[in-house]
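Working notes for the structure below.
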Amino acid sequence: MIDFAAAERNALDEYLPRLNARGYRVVRRPARADLPPFLADYDADAVATGPDDNIIVEVVTKGSPTAQSKIRRLREILAGHPDWRLEVIYGGDGERQVPIASLSSIEQAVANLDKLADARAALLLAWASLEAIARNLEPSETIKPQTPGRVVELLAAGGFVTPTQAELLRNMANIRNQLIHGNVDLQPSAGQLQELIVTTNELLSLLKTQPQVGVLS
């Protein structure tokens, strides 16, 4: 079964930081006070205001029964307001359940981190291990694919990492994102990578003390 709320949340997690980086003030799930009068009755996913224009962000997930009608309505509303425009982002096909990795599989992956000569490969495997650990620690919160930023916030909110470790993970998440999108010139420093490996090992040790959840097929 498609979880449209999870698909929307993950799409916004991925997209809204780009608007922030472009200088927009972004409000997620805005209240009436955050909207102009002509949008006051509209249930917006997000709005972004800037010096030159303003954006209403609408998430569309494949299979949503109301997506196209919402887009048509928004275009009609915005037609008389040239200082506002619509940006539609797509939440994929609707995330489905992701299996929870076994403890032995995670242990094997973490054990291989120090064996990888390429720092980029080690970072990506460390991040995969980190997310696998997060799924075990917070199974009800990670049924669907998670953005790197949400993985970090889940670990921080749950008290599984310290504020210093959370900041490290945010920085490493940025490097991870650039790597998987083709910036192969970027490499983590030896110090950063070692801190990530240490943090991952500490989380693995913590996981071993927790009741194990069942592996989903």
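Any read-out appearing in this document is the output of simple, stated calculations on the displayed coordinates, not a laboratory observation. Everything quoted here is computed from the prediction, not taken from an experiment. Positions of Cβ are backbone-derived with ideal geometry, glycine not excepted, and every protein chain shown enters the neighbour counts.
Relative contact order, whole percent, for segment 4-90 stands at 27, derived from Cα pairs under 8 Å and 6 or more residues apart.
May I ask you to derive the relative contact order of the chain, considering only C-alpha pairs under 8 Å and at least 6 residues apart, and to give it as an integer percent? Walk me through the numbers on the way to the answer.
Working: 260 pairs, mean separation 42.0, N = 217.
Relative CO of the chain lands at 19 percent.
Each peptide among 71-80, 130-139 gets the average number of other Cβ atoms lying within 10 Å of its residues, and from highest to lowest they stand as 130-139, 71-80. Label separation (T164 vs D41): 5.5 nm, computed from points 7 Å beyond Cα along the C-beta direction.
Which order, highest average first, do 188-195, 53-60, 199-206 follow once you tally other Cβ atoms within 10 Å for each residue and take the mean per peptide?
Peptide ranking by packing, descending: 53-60, 199-206, 188-195.
Hey, got the dipole for the chain? About the Cα centre, +1 on K and R Cβ, -1 on D and E Cβ, debye to the nearest 20?
Values: 22 positive and 27 negative charges, 54 e Å.
Around 260 debye, computed over the chain.
Here the sum of -39500 (n - 2.57) over DSSP H runs of 4 or more residues, divided by the residues of the chain, equals -16000 deg cm²/dmol at 222 nm, to the nearest 500.
Listed by chain and number, the aspartates and glutamates whose C-alpha is less than 19 Å from the C-alpha of K115, apart from same-chain residues fewer than 8 away, are E107, E195, E202. Near A46, the amide H atoms lying under 5 Å from its own belong to R29, V57; only residues 5 or more places off or on other chains count, and H is placed 1.01 Å from N. Note that segment 154-159 has calculated 3J(HN,Hα) couplings of 5, 5, 5, 5, x, x Hz, one per residue in order, obtained from phi through the Karplus relation 6.51 cos²θ - 1.76 cosθ + 1.60 (θ = phi - 60°); glycine and proline are x. Rg and Dmax of segment 103-208, both derived from C-alpha coordinates alone, stand at 12.8, 37 Å.
Length gained on full extension, T49 to E14: 10.8 nm, using 0.36 nm per residue less the C-alpha separation. For segment 52-57, putting each phi into the Karplus relation 6.51 cos²θ - 1.76 cosθ + 1.60 with θ = phi - 60° gives couplings of 10, 7, 10, 10, 10, 9 Hz, in residue order, rounded to whole numbers and with x for Gly and Pro. Looking at segment 4-90, the DSSP beta bridges with both ends there are about 55 percent antiparallel. Tell me which label goes with the value of Rg and Dmax of the Cα atoms in Å computed from the coordinates here: (1) 20.0, 65; (2) 20.0, 60; (3) 16.5, 53. Identified label for the calculated read-out: (2).
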